[in-house]
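Some notes on the structure that comes next.
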Amino acid sequence: MSSTSSPPVPALANGDRLTRDKFERRYEAMPHVKKAELIEGTVYMPSPVHANSHGRPHSVIMGWLLTYDAATPGVSSYDNTTVRLDLDTEPQPDALLRTEEACGGQSRISEDDYVEGPPELIVEVAHSSAAYDLHDKKRAYRRNGVQEYVVWQIEEERVDWFVLEEGAYISLSPDENGHVASRVFPGLVLDVGALLDADLSSVLSCVQAQIGGEAHQAFANRLDAR
């Protein structure tokens, strides 16, 4: 008697070339895998996460974004969430900030609970400038219209903040105080020096000082009016 059971789903492997549908099917069949990404049709499966070279920096970034999120109705932050960008690209960014669809945002939450479309801002914690975060992934984010992309390069002790202008990413430079301000989210300001010095208190106080200011309040009012 022939078996009617479905054939086993092949396991994901680093470097696989897959469509998004096949990637999702294999990823969902491997619940023990905590992170896998499809970037330009290629599967990336990062190594186990180290504490001080990734876990702690990631936590600081989430605290920074969550501080802004809590004070800005209509804006939401997400940690390690799968994003469907196009048929060849489904990343799982370290952190992202998006405007809700009802408030005019360019992404939405799908019926099966993924982010679909480009979030306004994505943050990645990279080991170094050689990481794919600054190459294939950056190109995919630019092509899909992610308006701002921040990469914290741990080994180089460097933060790059890219903003999309006329289809290209340009790099924003810190002001005289060492701060970089978002062009999409008024009041979202990063004290780069404090971040690199692991001074979490100063990172948070910098953004807290901008929350409720004129630019931030005007932005919040626009979102609320939609």
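The values are calculated or read from the model by the stated rules, or taken from the named source; none is laboratory data. Only a predicted model underlies this, so the values are computations on that prediction, with no experimental measurement involved. Cβ placement follows ideal geometry from the backbone for every residue including glycine, while neighbour counts extend to all protein chains displayed. When the accessible area is computed, the model is the full protein with side chains, heavy atoms only, and any ligands, DNA or RNA have been set aside. Shrake-Rupley method; radii C 1.70, N 1.55, O 1.52, S 1.80 Å.
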| said: Contact list please: Cβ distance under 6 Å, first residue in the stretch 12-29 and without any contact (Cβ under 8 Å) to a residue 60 or more places away in the chain and over 17 Å from T81 (Cα atoms), second residue assigned to a loop (DSSP other than H, G, I, E, B) and of a type in the set (G, A, S), pairs at least six apart or on different chains. | reply: L12/A36; R17/G41
| Name the pairs: first residue in the stretch 200-226 and without any contact (Cβ under 8 Å) to a residue 40 or more places away in the chain, second residue surrounded by fewer than 18 Cβ atoms within 10 Å (Cβ to Cβ), Cβ to Cβ under 7 Å, at least 6 apart or on different chains? | C206/H179
| request: Return a yes/no flag: does the stretch 64-79 have any residue that is surrounded by 19 or more Cβ atoms within 10 Å (Cβ to Cβ) and of a type in the set (A, V, I, L, M). | output: yes
| query | Applying the selection to the stretch 80-98, what residues are assigned to a strand (DSSP E or B) and open to solvent by 10 Å² or more (accessible area, probe 1.4 Å)? | reply | R84, D86
| Here are some conditions: (1) modelled with pLDDT of 95 or more; (2) in contact with a helix residue (DSSP H, G or I) (Cβ under 9 Å, 6 or more places away or on another chain); (3) surrounded by fewer than 18 Cβ atoms within 10 Å (Cβ to Cβ). G145 meets all but one. Which one does it not meet? | (2)
| field | R222, sole failed condition from (1) closer than 20 Å to I122 by Cα; (2) at pLDDT below 95 | value | (1)
| query | Scanning for something more than 28 Å from A131 (Cα to Cα) and in a strand (DSSP E or B), does the stretch 72-79 turn up at least one residue? | reply | yes
| request: Filter the stretch 179-196 down to the residues that are open to solvent by less than 20 Å² (accessible area, probe 1.4 Å) and among the small types (G, A, S), then identify the one that is farthest from Q153 (Cα to Cα). | output: G187
| query | Out of the stretch 42-63, which residues are surrounded by fewer than 17 Cβ atoms within 10 Å (Cβ to Cβ) and either among the hydroxyl-bearing types (S, T, Y) or out of contact with any Gly (no Cβ under 6 Å at 6 or more places or on another chain) (or both)? | reply | M45, P46, S47, P48, H50, A51, N52, S53, G55, R56, S59, G63
